[in-house]
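The values are calculated or read from the model by the stated rules, or taken from the named source; none is laboratory data. Model, not experiment: these values are computed from the prediction. Every residue, glycine among them, receives a Cβ derived from its backbone with ideal geometry; neighbour counts consider all protein chains shown. Surface areas here come from the heavy atoms of the whole protein model, side chains and all, with no ligands, DNA or RNA. Shrake-Rupley method; radii C 1.70, N 1.55, O 1.52, S 1.80 Å.
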Amino acid sequence: MGISRRQFLGWMSAAGVSVTAGSRAQAASNKTFSGYPGAFGILHDTTRCIGCRKCEEACNRVNGLPVPEQPFDDLTVLSALRRTRTDTFTVVNQFTTSGSERPTYAKTQCNHCLEPACASACFVRALRKVQTGAVIYDASLCVGCRYCMIACPFNIPTYEYNEPLTPRVVKCTMCHPLIEKGELPGCVADCPKEALSFGPRDLMIKLARQRIAKYSDTYIDHIYGEHEMGGTSWLYISGTPFSEIGMREDLGNQTASSFTAGPLAAVPVVVALWPVLLTGIYAISKRKDKIAAEERIDAVARTLADANEEMKTKLAEMKDAMKKEKEAAINLEVKKALEEAAKQAAESQQDDQGIRPDASEEEN
Amino acid sequence: MPQETAHKNKSIFTPFNVITGIIILGGLIITVLRFTGGLGAVTNLDDNNPWGVWIGFDLLVGVALAAGGYVTSAACYIFGLKRYHSAVRPAILTAFLGYALVVMALHYDVGRPWRLPYPIFLSPGTTSLLYEVALCVFLYLTVLFIEYSPAALEWLGVKRVRNLVVRLTLVLTIFGVILSTLHQSSLGALFMIAPSKLHPLWYSSYLPVFFFVSSIFAGLSMVILEGALAHRFLHDKMDETHLKESKAVALGFGKAASFVMMGYVAIKLIGIAIDNNWHYLATGWGLWFLLELLGFVALPAFIYAVAAREQNLRLVRWSSIIAVLGVVLNRLNISLIAFNWHLPSADRYFPSWMEVAISVFVVTVGIVAYRFICTRMPILYEHPDYQQH
């Protein structure tokens, strides 16, 4: 034996480390991303898991988490369904499935998505996907909004609710610091049944395919995590349907960022269109007002002019009528005067020559 | 006038002061608990339910109901509906206070509130819709502050600055509409990242559109409702123009809200059709969804229409209450009630009394601030020195 398995994997990870330094994760962009080349993955073969909780113990030790009340060799905790907590980055749950009398065990922890929902949701880039494959968290940026917890389809991130001023989001780091040092993640190293395998993700997929092909009546023909939510660094194979061992089969294969790409794409549209549109509406309404005002002035002027005209014609008519009336009155007066004069003349004649009415009429 | 002097002679222990005093005192005590014991000490939040009423009510409902600011100022200054001018200042004030309180409430909810500027100035996470919300709320709060400032400047008698700010009205209004469109919609889009958690009847690729459109009638209804409340309690602060225009404002806004709400019902139905979610309507969740859509949107839309037709001010005001409750219900459904619907009931969230108390405290601070400003500054009346700018 020249090299141990651990050494071999250590070298492989060292190769990975050389490319981890520095570059910013593109994980949350809207481009398709099928993982960093050579990034690591972990295959969990649930058919091999015996629920011994050694992985939980290792995780607790490696991450320096508080010692739990119930020791790790107490397997009674398996009777209740558990989830990740701030002091428990990974849990093994026990499931009794329809097909077999033997319970099935499944390990839960951060799946380290290729395009993580949490990293896409984080508004300060406190979470990012690094080239080892791990999704890591930077507490020095975190505001504590907990949108990552809303976003995570696997309900993994937890939050230090009892920390008054410095609460952190806490989750499995895929033992990123250990991988960088060329070591195995704690849970993988301590698994006594080789239910966990660590290596480049594409190799892990090949390994899973081989097992499924070789023992086709033992395994369901599906690698959970190969495509779920755009693919995850943790991969699972199982002898029972995944929905029966607490894993959702309705998540789909789209990345989380693809769900929000649409609304994000609408931002430049709104920013570009609204000012033009709103200024236009303002200009139109203002112009309408202006035209309305002008028309009002116009209408008033026209009405005035019309009224003037009408008044003039009316005045003229009235003048005419008055003139006629005046003439008529004058005529009447003249007539009256003439009649009077004639009468007087006749009377005076009568006084002189006696009554001769016929003659006075003829004179008219 | 004798009433006023009687009021002044009375002690400061008026019913209003006593009740608000108790609420504010209680709020301050819980504030201390929150910042010494953490969120765990005062809330029922847990790892499955990271957002509670401080997000569902204080943020989502708060922002939706503060939409009256951009709706009213756009109606008056952009669409040229000058007859609503007297409604602009109260609406802008409500919006400004609303957004200020949203930001205040966020200080309770986020873990390290002093880092709230981080996304904007230190490490912008541009792929996040929450970033869009943060940036827009930050900018819009600034815009609202400037839009509101003429009232304060008139009160303080700073003429020159006030005239300068008034000249910016149109630009600020356009800015306000852009920013509101963006963050009102992106508050809905926040939940698009979690299709596996939100019930399919509420989850839709139209969520941002639903949120934006509903913010329009939320704003219109709030202006009507506040108008009614202001008439009840601040009647003596209103000038003749305000009193004369207020009926037309309520009826006009009711009519507009009716149209928008009917359009909203239509696009909600299109949303169901697009995802072919009809079969969910026959479930319990479907009934709850229909109650929200028919009972709290279609019904008030219909009442608004009848009230506008019959020029019935009372009916418009009653309808505005139902419409506002409908918006509250919608936001709570999306953020809390239909969110995590698949979890067993033991894992579901229900707010603690202290969470609710802080929300009540925040609203109370808003009411006290509104009253303080309205009784001092020219909000419900025009300052005699600055009429008709």
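Please determine, by comparing only the residues of the stretch B:66-86 that are at negative phi and in a loop (DSSP other than H, G, I, E, B), which one is nearest to the other protein chains (Cβ to nearest Cβ).
For the stretch B:66-86, the residue satisfying everything is B:79.
Could you identify the single residue in A:246, A:262, A:230 that is in contact (Cβ under 8 Å) with a residue 40 or more places away in the chain, within 14 Å of chain B (Cβ to nearest Cβ) and open to solvent by 40 Å² or more (accessible area, probe 1.4 Å)?
Within the list A:246, A:262, A:230, the selection yields A:246.
I need the full set of residues from the stretch A:149-179 which are within 7 Å of chain B (Cβ to nearest Cβ) and either aromatic (Phe, Trp, Tyr) or open to solvent by less than 10 Å² (accessible area, probe 1.4 Å) (or both), in order please.
Hits for the stretch A:149-179 are A:149, A:150, A:151, A:158, A:159, A:161, A:167.
Which one of these is within 22 Å of residue B:100 (Cβ to Cβ), open to solvent by 20 Å² or more (accessible area, probe 1.4 Å) and aliphatic (A, V, I, L, M): B:65, B:59, B:81?
Of the residues listed, the single one that is within 22 Å of residue B:100 (Cβ to Cβ), open to solvent by 20 Å² or more (accessible area, probe 1.4 Å) and aliphatic (A, V, I, L, M) is B:65.
More than 14 Å from chain B (Cβ to nearest Cβ), touching a His at 6+ places or on another chain (Cβ under 9 Å) and farther than 16 Å from residue A:42 by Cβ - does that describe any residue in the stretch A:189-212?
Yes: the stretch A:189-212 contains one or more residues that are more than 14 Å from chain B (Cβ to nearest Cβ), touching a His at 6+ places or on another chain (Cβ under 9 Å) and farther than 16 Å from residue A:42 by Cβ.
Kindly establish whether residue A:281 is of a type in the set (Val, Ile, Thr), away from chain B (no Cβ under 11 Å) and over 30 Å from residue B:125 (Cβ atoms).
No.
Identify, please: which residue in the stretch B:346-387 is of a type in the set (Asp, Glu) and closer than 27 Å to residue B:16 by Cα and is, among those, modelled with the lowest pLDDT? Explain how you work it out, then say what you get.
Pass one, the stretch B:346-387, residues of a type in the set (Asp, Glu): B:347, B:355, B:382, B:385.
Still in the running and closer than 27 Å to residue B:16 by Cα: B:355, B:382.
Values: B:355: 94, B:382: 84.
Here the residue is B:382.
Test each condition in (1) over 18 Å from the mean Cα position of the chain (by Cα); (2) open to solvent by 40 Å² or more (accessible area, probe 1.4 Å); (3) more than 9 Å from chain A (Cβ to nearest Cβ); (4) hydrophobic (A, V, I, L, M, F, W, C) for residue B:42 and report the one that comes out false.
So the condition that residue B:42 fails would be (2).
Check residue B:164 against each of (1) within 7 Å of chain A (Cβ to nearest Cβ); (2) open to solvent by 20 Å² or more (accessible area, probe 1.4 Å); (3) farther than 19 Å from residue B:87 by Cβ and name the one condition it does not meet.
The one condition residue B:164 does not meet is (1).
Test residue B:89 against the stated conditions and say whether it is modelled with pLDDT under 95, touching a Pro at 6+ places or on another chain (Cβ under 9 Å) and part of a helix (DSSP H, G or I).
Yes, satisfied.
Looking at this structure, is residue B:174 in a helix (DSSP H, G or I), touching a Leu at 6+ places or on another chain (Cβ under 8 Å), within 11 Å of chain A (Cβ to nearest Cβ) and over 21 Å from residue B:61 (Cβ atoms)?
Here the answer is yes, as residue B:174 does meet what is asked.
What strands (runs of 3 or more DSSP E), lying completely within the stretch A:85-141, carry at least 1 residues that are of a type in the set (A, V, I, L, M) and under 30 Å from residue A:244 (Cβ atoms)?
Values: elements: A:91-95, A:104-108, A:127-129, A:135-137.
Output list reads A:91-95, A:104-108, A:135-137.
Just one of the numbered conditions (1) more than 7 Å from chain B (Cβ to nearest Cβ); (2) more than 22 Å from residue A:254 (Cβ to Cβ) is not true of residue A:113; which one?
So residue A:113 meets the others, but not (2).
Collect the residues in the stretch A:210-227 that are of a type in the set (Asp, Glu) and free of Cβ contacts under 8 Å to residues at least 12 places away in the same chain, keeping them in residue-number order.
A:217, A:221
Just to check your reading of the model, which residue among B:147, B:240, B:245, B:226 is more than 14 Å from chain A (Cβ to nearest Cβ), open to solvent by 20 Å² or more (accessible area, probe 1.4 Å) and closer than 25 Å to residue A:268 by Cα?
On the way: B:240 fails: closer than 25 Å to residue A:268 by Cα; B:245 fails: closer than 25 Å to residue A:268 by Cα; B:226 fails: closer than 25 Å to residue A:268 by Cα.
Unique residue meeting the criteria: B:147.
Kindly indicate the residue of the stretch B:99-144 that is more than 7 Å from chain A (Cβ to nearest Cβ) and in a loop (DSSP other than H, G, I, E, B) and also surrounded by the fewest Cβ atoms within 10 Å (Cβ to Cβ) among those meeting that condition.
B:117
Could you tell me whether any residue of the stretch A:39-52 is of a type in the set (D, E, K, R) and surrounded by 15 or more Cβ atoms within 10 Å (Cβ to Cβ)?
Taking every residue of the stretch A:39-52 in turn, at least one turns out to be of a type in the set (D, E, K, R) and surrounded by 15 or more Cβ atoms within 10 Å (Cβ to Cβ).
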